[in-house]
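Accompanying notes for the structure given below.
The values are calculated or read from the model by the stated rules, or taken from the named source; none is laboratory data. Quick caveat: nothing in here was measured; it's all calculated off a predicted structure. Note: ideal-geometry Cβ built from the backbone for every residue, glycine included; neighbour counts use all protein chains shown.
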Amino acid sequence: MHYVSTRGKSERLTFADAVLTGLARDGGLLLPESIPDVGDRLEAWSTLSYVELAIEVIGLFCDLPRVDVEDLVRRSYATFDADDVVPLVPVGDGYIMELFHGPTLAFKDVALQFLGNLFEYLLEQSGQELNIVAATSGDTGSAAIQGVRGKERIRIFVMHPKGRTSRTQELQMTTVLDENVRNLAVAGTFDDCQGMLKEIFSDLEFKDAYALGAVNSINWARVLAQVVYYVYGSLRVTRERGVDAVQFTVPTGNFGNIFAGYVARRMGLPISRLVLATNENNILERFFSTGEYRLGDVVPTCSPSMDIQVASNFERYLYYRANGDTEQVCAWMESFRQNGVLRVERGPDGSIDPNIVTGCGDRQATLETIRRVYETNGYLLDPHTAVGVSVSEAFQDRDRPMICLATAHPAKFREAIAESLGEDVARHPALDALEGRPSRCEALPADAAALKRYLTFALSGAE
Ligand SMILES: *Cc1c(COP(=O)(O)O)cnc(C)c1O
């Protein structure tokens, strides 16, 4: 399987190069040359365990030896504390799929545990090294650190905005003391951190000299690892309920998670439609209801991991939307770059996409949903999952059971839970154990030149 750019102006890449490069050289995102139709395998797949299924699905998209894929997948999900990796919990008429049983208690572990092992494996094969530089507003940083800690040939430098992540998120990062992990507390905002990252990555000479790499959500391997739970969930539930399809509700920020569902649907899985749920930062909700993708301001919410306006994976959707016409994708992206807006026509049925419906869950709806589901079903939702559950209400369908993806353990966001319920009930022993642990973190001014000096010193001293 080879990989091509959404902008059509760079050469096709192997799976290994696509994973190690992240972004295509023409600035586009990488996609498989074709998406395999798995319709004739669904019967056989429907009884596989999560890990067995992951080996099959991931194996379809890469050209690595089967035994190596098996080893990578098994090691990646052995760190999860649930036997079936992503438990499906019946709640009300539908299901919650708990994607938060990995080391950092957020769904990003599903992709980053795999990506860390994959990086290590590919670097070993090619004899290369990789220095990952990342910016995080909270969840991605700790998941990336847990993905690569202690790994050969990889170092990771994670910038977070000093004092602006939650205390728990900060401790999840800074209490990891492995030699190859460095935390940098930047005196600025998350946008400052991202700006610094962009600046050092745009200096190609610097990037090449220090073998810098990224783990952001545009990496194809992250999307691929996430396709697996849509396959698993849709096969499990259609079998259990004797129905011909399910729906998924996905709380969305960067369009990464839901795009994986879009890929699963194109592979022929029994998914009738995807429900895209946003918080007040609703650029995607506006797009799927009006066809207009227009930049807005980011406002802080109680589901902070979705406080995003420009969704970095959206270009992948546009590629399929344009039936692979890369000129059209370039025109859309250019329009968005110049004017902050791009437009897509409605289809014959009047919708923007017949298979994606959408809604927005604001602060009040989120807190009310947490309370209602706790009181009615005794189940505690984190605020991101609650955005999804609240939006899913409008799309219930007796014949198409709803699977709501749970993207974080509630204890990661206990302040929102306490505000909703009036008591601090969301706890997790792994998070409680972080207080008082030794930690390590260095301070950095919000300045790309300072980051460059820091990396130059750290990486020349390292050899
Ligand atoms: C990252 C994150 C999201 C958003 O996922 P995308 O792939 O960016 O759409 C939702 N919930 C939680 C808890 C997250 O950490």
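A few remarks follow.
- Qualifying position, being crowded, with 17+ Cβ neighbours inside 10 Å and either assigned to a helix (DSSP H, G or I) or over 22 Å from the mean Cα position of the chain (by Cα) (or both), among V85, V73, V67: V73
- Extreme residue, nearest to the chain's Cα centre (by Cα), among residues of region 273-298 that are assigned to a strand (DSSP E or B) and surrounded by fewer than 18 Cβ atoms within 10 Å (Cβ to Cβ): R294
- For region 240-256, the candidate set comprises residues that are within 22 Å of W45 (Cα to Cα) and either within 16 Å of the ligand (Cβ to nearest atom) or small (G, A, S) (or both); within that set, the residue that is farthest from the chain's Cα centre (by Cα) is G242.
- For region 240-270, the set of residues classified as small (G, A, S), assigned to a loop (DSSP other than H, G, I, E, B) and surrounded by 24 or more Cβ atoms within 10 Å (Cβ to Cβ) consists of G253 only.
- Residue count for region 394-421, restricted to those that are touching a strand residue (DSSP E or B) at 6+ places or on another chain (Cβ under 6 Å) and either within 15 Å of the ligand (Cβ to nearest atom) or at pLDDT below 95 (or both): 5
- Checked against (1) polar (S, T, N, Q); (2) within 16 Å of the ligand (Cβ to nearest atom); (3) loosely packed, with under 13 Cβ neighbours inside 10 Å, Q364 meets all criteria but (2).
- Residue match in region 151-159 (condition: in contact with a strand residue (DSSP E or B) (Cβ under 7 Å, 6 or more places away or on another chain), at negative phi and not in a strand (DSSP E or B)): no
- Residues in region 385-437 that are among the β-branched types (V, I, T) and crowded, with 19+ Cβ neighbours inside 10 Å: T385, V387, V389, V391, I403, T407, I417.
- Within region 9-29, being within 16 Å of F119 (Cβ to Cβ) and hydroxyl-bearing (S, T, Y) holds for T14, T21.
- Contacts under 7 angstrom Cβ, first residue in region 326-347 being modelled with pLDDT of 95 or more, partner of a type in the set (S, T, N, Q) and not in a helix (DSSP H, G or I), 6 or more apart: T326/T6; V329/T6
- Taken over region 164-175, the criterion of being more than 16 Å from the ligand (Cβ to nearest atom), in contact with a strand residue (DSSP E or B) (Cβ under 6 Å, 6 or more places away or on another chain) and closer than 22 Å to H101 by Cβ is satisfied by no residue.
- Residue that is farthest from the ligand (Cβ to nearest atom) [pool: residues in region 104-163 that are modelled with pLDDT of 95 or more and among the basic types (K, R)]: R153
- Condition check for L381: touching a residue at least 24 places away in the same chain (Cβ under 8 Å), over 24 Å from P304 (Cα atoms), of a type outside the set (G, A, S) and in contact with a strand residue (DSSP E or B) (Cβ under 9 Å, 6 or more places away or on another chain): no
- Test for T301: is it outside any loop (DSSP other than H, G, I, E, B) and within 16 Å of the ligand (Cβ to nearest atom): no
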